[in-house]
1. Using a Gaussian network model of the chain with C-alpha springs under 10 Å, which one of Gly29, Gly233, Gly62 is most mobile by mean-square fluctuation?
2. What order do Met106, Met7 take when sorted by accessible area (1.4 Å probe), most exposed first?
3. Using only Cα atoms, tell me the angle between helix 133-146 and the longest principal axis of the chain; keep it within 0 to 90° and round to the nearest 10.
4. Quick one: compute the contact order of the stretch 130-225, relative version, from alpha carbon pairs under 8 angstrom and 6+ residues apart, as a percent.
5. Compare Leu324, Leu160, Leu222 in a GNM of the chain, Cα atoms joined below 10 Å, and give the one with the largest fluctuation.
6. How far is helix 209-221 tilted off the main Cα axis of the chain, in degrees rounded to 10, range 0 to 90?
7. Report the full-extension gain for the segment Gln201 to Ser82: residue separation times 0.36 nm, less the Cα-Cα distance, to one decimal in nm.
8. If you average the sequence gap of Cα pairs under 8 Å that are 6 or more apart and divide by the length of the stretch 52-141, what percent do you get for the contact order?
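The values are calculated or read from the model by the stated rules, or taken from the named source; none is laboratory data. Predicted model only: the values in this text are computed from it and were never measured. Here the Cβ is made from the backbone with ideal geometry for all residues, glycine too, and neighbour counts use every protein chain on show. These accessible areas exclude ligands, DNA and RNA; they are computed on the full protein's heavy atoms, side chains included. Shrake-Rupley method; radii C 1.70, N 1.55, O 1.52, S 1.80 Å.
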Amino acid sequence: MDRIQLMQLLQSCHLPNDMQRIAEKIMQGCRISPEEGIQLFEKGNISWLGALANYVREQKHGNDTYFNRNVHIEPTNVCVYSCKFCSYSRLYKHREEGWELSLDDMLHIVERYDGQPITEVHIVGGVHPKLDFYFFKELLQRIKAHRPEIHIKAFTAVELYYMFKKAHLSYEEGLQQLKEAGLNSIPGGGAEIFAPEIREQICADKVDAENWLKIHETAHRLGIPSNATMLYGHIETYAHRIDHMERLRQLQDKTGGFNCFIPLKFRNKHNDMSHVPESSVIEDIKMYAVARLYLDNIPHLKAYWPMLGRDMAQMMLSFGVDDLDGTIDDSTKIYSMAGAEEQHPAMATEEITALIRKAHRVPVERNSLYEVVQRFGEPAAIPYEGLS
Ligand code: V47
Ligand code: SF4
């Protein structure tokens, strides 16, 4: 959709004056304020919010829709923390109910992909009290010794905070050593909601917002890019979501080190927040659209399909999203244990490209830094294939 078409569509929606002003600002490429972000959540309706988010997405990326070929390693689900939304972790005293992989186990996972064209290993797990900085440093070194070209995106700021603290290393020392051992980028997990009044209720004992942001800032300064997430749709308000995105936007202005933003929909099965209902589809769409409009300086918006489900992730390609993460190969349990539709998340390249084409977008295989590995051509007319 071009600017004129968008303006015509907005006119036909008869927006209230305040919404019309915000929409015009966005079309002119101006940044919206936190107050305006909250108003979009409160008063925005998904038809025009979606059109605006789609316009911004197409200005940035045209029809290109990114994915990568990746595999996850989850070293352990034993964790010293007790986040209330987490369905995945087990305390150390209950470790017999969980898993702990050895260095050899994890190297064997990487070896299983020998000769296959994956480009990224994503490593995230619980915070195990006995697995220390030197264990994880050796893990990086052994993976790189085996497959030097693979990109390692590893360890949330929560895991890094704990391992650096126990090893008496500053963020800079710890990150520099991990970079030399093979760390290429940092995933976005552990951010949850930055506002302390919400953090206290859902994940009181883990790293606070200031240190999460400091670790990412230090990483960016050392040339280690990262992602950022937000866990939404539980007890937070719209103001908390905007506060979260505002802190990310400010850091991104300083460093430019965030590659992508990933809203993570709270899933409520088998955790201590099961009484909190999950967000509706309308709320999910608003979340993605407003994220695209608010975070004008973060290049990519990712719908993480193992958590949203592939149908919802596909739909979000019309509401601001340009990235679907990767093929995954059934290597993560975080969301299936919390009740996500995808109980064994894996998509062959043919499936993920077909999913993108059916949304009339162009599939582009990327590496972890969003450099193009392979373009899959313009979407053809899609024949009707029945209701399934
Ligand atoms: O921080 C845990 C979330 C995150 C639940 O950087 C839950 O590319 C919803 O870091 N409902 C970890 N979410 C996952 C993560 C990640 C995932 C995908 C891509 C990237 C990336 C990073 O998982 C945690 C937490 O916010 N989470 N439990 C739950 N019940
Ligand atoms: Fe541990 Fe992460 Fe689960 Fe929190 S979300 S309990 S830090 S594994």
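1. Fluctuation is largest for Gly29.
2. Putting Met106, Met7 in descending order of accessible area: Met7, Met106.
3. Approximately 80 degrees, to the nearest ten.
4. Working: 94 pairs, mean separation 33.4, N = 96.
Value for the stretch 130-225: 35 percent.
5. Leu222
6. 90
7. Numbers: separation 119, 0.36 × 119 = 42.84 nm, distance 1.10 nm.
Result: 41.7 nm gained on full extension.
8. 40
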